[in-house]
Ligand SMILES: NC(=O)c1ccc[n+]([C@@H]2O[C@H](COP(=O)([O-])OP(=O)(O)OC[C@H]3O[C@@H](n4cnc5c(N)ncnc54)[C@H](O)[C@@H]3O)[C@@H](O)[C@H]2O)c1
């Protein structure tokens, strides 16, 4: 890695942008030079908190004026593709770290990959858990044959397939060396007008994913909570089993004498979101920009996770097994709704992440709470609760 100090720009100054800053603050070869957000209080609070020299209302202004080389795309899902495409055209831009889920639909995901390739920009998706000690150790153990031949991964998530399922599917794929998915069978329920960060989502769903070599994943989303988590899954092999989270791994095989806690040598800052994992994913991006190997979280790899999720919806849409590659380029769940396949019995649009929306947030009150030392997230929760109490 060279000694070059990369200029960083941030797009979207909300919750996850704080995790990106945590990562950037841990490494020497970056300098965060600018942030952009159309919401003034979001932008001003963020550049003030992190002492960032420039704040912009639009992305174009930031690209023209601050000339960032790496850009964090921290906006809601439906903006990931238009923002990534716009940023990729920036003359100074060499790398993009776009948040998950990569995109809602294959057309959008592929546009992102193409725009970055055309402009010689390295695109990664922030599936930052690929850098956590638990997932890395589990991958190493599975590659060394600790469970012999992997047969089945069990994944249980909530709060939307695209929201949490993307991490979990990505994680099992990472541990199992990004196997090639062949077909998907899925089932979806949507009786209510549920959304997540402005995206139409299902009430619940499940999917069986079949990979080359006979490996299968089973994922259930918003069905059985039971301490489910985006970063937690279980893999069974022909001669062993492994429970995996970002910071805990338990192995069972002929030589462990029952379940064994695997020593991960955890360090300060080892956690699922932010900290060491965000720092490490940036360093690997810089290596890729400088001619190193493709990033473990590249857009090309992440688009395969989008394809699996979209195929679960497509399978439910047509009640059949979907062979990959998926032909449908749009969002199959939205198409099912348009086609009248998911009639609503509980009226009223709602968003399970409504508590992070800037709409109807009182600027003065937000500023006062921040001045009193509350975090962005704490302040938003209080103000949204106040709004709810008023209604
Ligand atoms: N990797 C993870 O573990 C993880 C965790 C949480 C969230 N996320 C992802 O991060 C993304 C953002 O989620 P969040 O919770 O931070 O949302 P948020 O609402 O807290 O922040 C988004 C910000 O983007 C701003 N914005 C909207 N349009 C913009 C535009 N055109 N240009 C610049 N800024 C714009 C909004 O004003 C807002 O401040 C989502 O896609 C989410 O899935 C990832």
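Tell me whether segment 272-391 comes out rounded, prolate or oblate; compute the Cα gyration tensor, take square roots of the eigenvalues as a ≥ b ≥ c, and use a/c under 1.5 as the rounded threshold.
Oblate, because a/c is 1.5 or more while a/b does not exceed b/c.
In percent, how large is the relative contact order of segment 329-391, given Cα pairs closer than 8 Å and 6 or more residues apart?
29 percent
Residue 267 to residue 319: extension gain in nm, 0.36 nm per residue of separation minus the Cα-Cα distance?
Contour length minus Cα-Cα distance gives 14.0 nm.
Under a point spin-label approximation (7 Å from Cα along Cα-to-Cβ), what is the residue 27-residue 183 distance to one decimal in nm?
Going from the residue 27 label point to the residue 183 one covers 4.2 nm.
Once you order the gyration tensor axes a ≥ b ≥ c over the Cα atoms, which shape class does segment 152-236 get: rounded for a/c under 1.5, otherwise prolate or oblate by comparing a/b with b/c?
Prolate shape, in that a/c is at least 1.5 and a/b is the bigger ratio.
Pop a pseudo-label 7 angstrom from the Cα along the beta-carbon direction at both residue 224 and residue 327 and give the gap in nm to one decimal.
3.6 nm
Treat each spin label as a single point 7 Å out from the Cα along the C-beta direction, and report the residue 283 to residue 91 distance in nm.
3.3 nm
With Rg and the Kirkwood Rh both taken from Cα atoms, where does Rg over Rh land for segment 149-189?
My calculation puts Rg/Rh at 0.97.
How many percent of Cα pairs in segment 125-280 exceed 26 Å?
So the portion of pairs separated by more than 26 Å is 27 percent.
Please give the peptides 7-20, 180-193, 252-265 ranked by average Cβ packing (other Cβ atoms within 10 Å per residue), highest first, as a rough proxy for protection.
Top to bottom by mean Cβ count within 10 Å: 7-20, 180-193, 252-265.
Report the relative contact order of the chain, percent, no decimals, based on alpha-carbon pairs under 8 angstrom and at least 6 residues apart.
Relative contact order of the chain: 19 percent.
Anyone know which of 285, 223, 78 comes out most mobile in the 10 Å Cα GNM of the chain?
Highest fluctuation among the options: 223.
Between residue 120 and residue 347, what FRET efficiency comes out of the Förster formula 1/(1 + (r/R0)^6) with R0 = 51 Å and r the beta carbon distance, rounded to 0.05?
Approximately 0.55, to the nearest 0.05.
What order do you get for 74, 116 when you list them from fewest to most C-beta neighbours inside 10 Å?
So the residues, fewest neighbours to most, are 116, 74.
Quick one: which of 267-280, 35-48 comes out on top by average Cβ neighbours within 10 Å, and what's the full order, highest first?
35-48, 267-280
So if I take the centroid of the Cα atoms in segment 56-85 and the same for segment 156-203, what is the distance between those two points in Å?
26 Å
Can you classify segment 322-391 as rounded, prolate or oblate using the Cα gyration tensor, where a ≥ b ≥ c are the square roots of its eigenvalues, rounded means a/c under 1.5, and otherwise it's prolate if a/b beats b/c and oblate if not?
prolate
Show me, bin by bin at 10 Å from 0, the whole-percent P(r) of the chain based on Cα pairs.
5, 22, 31, 27, 13, 2, 0
I need the peptides 121-132, 300-311 ranked by packing, meaning the mean over residues of other C-beta atoms within 10 angstrom, with the highest value on top.
121-132, 300-311
Please identify, among 207, 134, 348, the residue showing maximal mean-square fluctuation in a Gaussian network model of the chain using a 10 angstrom Cα cutoff.
Of 207, 134, 348, the Gaussian network model singles out 348 as fluctuating most.
Each reported figure results from applying straightforward, stated rules to the coordinates on display, with no laboratory input. Treat the numbers as computed from the prediction; the structure is a model and nothing was measured. So basically every Cβ, Gly included, is an ideal-geometry build from the backbone, and we count neighbours across all protein chains shown.
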